[in-house]
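Here the structure comes first, spelled out in structure tokens, and everything after it is commentary.
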Amino acid sequence: TIEADCWSLYEEITGNNWSVNMLVNNAGIGNCCAFEDGQVASFQQLIKLNIMATTMLTRLFVDLLKCHPKSYILNVSSLIAFFNLPNKQVYGGTKSYIYYFSKCLRNELAHLNISVSVLCPGGMNSNPYQYQLMSNGNWFVRNAMMSPEVVAAIAIKGLLEGQPVIIPGRLNRLSLVIDKIIPAFLHRLFTSRLLKQVTSPSITQKIKKYETASFPAS
């Protein structure tokens with residue numbers, strides 16, 4: 001989230017004459033709260049890391065990447081970029097930016113033999129909060145949840161194969177198909193039920209209980 005640190009990383013690599021033919025912009029944070037309850041400082045931090053750092057590091061490293069016969073950029077977006085979910089407005093906005101940014105960049109950098117892919121994972125067992133939120137969801141949500149290790153392997157394989165958009169998991173890909181064919185009133189019903197679910201006292205208490213717990217094995 002500190003611009004000077006992005007420069008320091010770049011200068012350390014160039015100062016050591018290290019060769020770079022792959023850039024993975026994976027660093028990111030999320031949020032899950034009503035917009036009116038969110039803090040401006042938290043929103044700023046999220047935007048700086050998810051958007052500004054990704055954009056800045058990509059621009060800095062393009063000059064190194066284009067020196068190779070073939071190079072790769074992997075940006076991590078999210079499945080949420082395709083949906084409008086409650087309490088995810090700022091996080092979803094940053095991931096939508098990453099998706100659009102990556103798709104455009106892929107076209108622009110093709111002549112430099114730099115392949116740009118964007119990863120859009122669904123629910124992940126990445127921390128106790130996320131695990132608790134997903135495990136209290138419906139059957140579809142619980143079974144679509146994936147471990148970081150599995151997603152990472154799929155992501156690198158898709159990157160090396162030159163896939164423009166990488167969506168891990170059959171259920172996650174199926175959700176995109178279903179979303180396109182269900183009517184608007186079902187969208188509203190689903191969103192309303194999801195909002196009640198993620199803001200219910202029971203899930204909030206369970207999340208607090210697991211905040212200091214070790215992350216469970218998948």
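The values are calculated or read from the model by the stated rules, or taken from the named source; none is laboratory data. Since the model is a prediction, treat every value here as computed from it, not as a measurement. Heads up, the Cβs are rebuilt from the backbone with ideal geometry, glycines too, and the neighbour counts pull from every protein chain shown. For the accessible areas, the whole protein counts, side chains as well, though only heavy atoms, and no ligand, DNA or RNA atoms are used. Shrake-Rupley method; radii C 1.70, N 1.55, O 1.52, S 1.80 Å.
At-a-glance table
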{"read-out": "Scan of segment 6-51 for residues that are β-branched (Val, Ile, Thr) and within 22 Å of the chain's Cα centre (by Cα), ordered by number", "value": "VAL24, ILE29, VAL40, ILE47, ILE51"}
{"read-out": "Qualifying residues in segment 16-45 (those that are in contact with a strand residue (DSSP E or B) (Cβ under 7 Å, 6 or more places away or on another chain) and not in a loop (DSSP other than H, G, I, E, B)) - the one nearest to ALA155 (Cα to Cα)", "value": "VAL24"}
{"read-out": "Filter result for the condition that a residue is of a type in the set (A, V, I, L, M), closer than 29 Å to MET124 by Cα and open to solvent by less than 40 Å² (accessible area, probe 1.4 Å), over LEU49, LEU60", "value": "LEU49"}
{"read-out": "Residues of segment 6-46 satisfying the condition of being within 30 Å of LYS70 (Cβ to Cβ) and exposed (fewer than 11 other Cβ atoms within 10 Å of the Cβ)", "value": "GLU12, GLY15, ASN16, ASN17, TRP18, SER19"}
{"read-out": "Checking VAL116 against (1) over 13 Å from the mean Cα position of the chain (by Cα); (2) farther than 21 Å from ALA27 by Cβ, the condition it does not meet", "value": "(2)"}
{"read-out": "Test: residue in segment 89-98 that is buried (at least 19 other Cβ atoms within 10 Å of the Cβ) and within 21 Å of LEU171 (Cα to Cα)", "value": "yes"}
{"read-out": "Among residues of segment 1-41, those that are of a type in the set (S, T, N, Q) and touching a residue at least 40 places away in the same chain (Cβ under 8 Å), counted", "value": "7"}
{"read-out": "Inter-residue pairs, beta-carbon under 7 Å, first touching a residue at least 12 places away in the same chain (Cβ under 8 Å) and in segment 101-116, second open to solvent by 50 Å² or more (accessible area, probe 1.4 Å) and acidic (Asp, Glu), 6+ apart", "value": "none"}
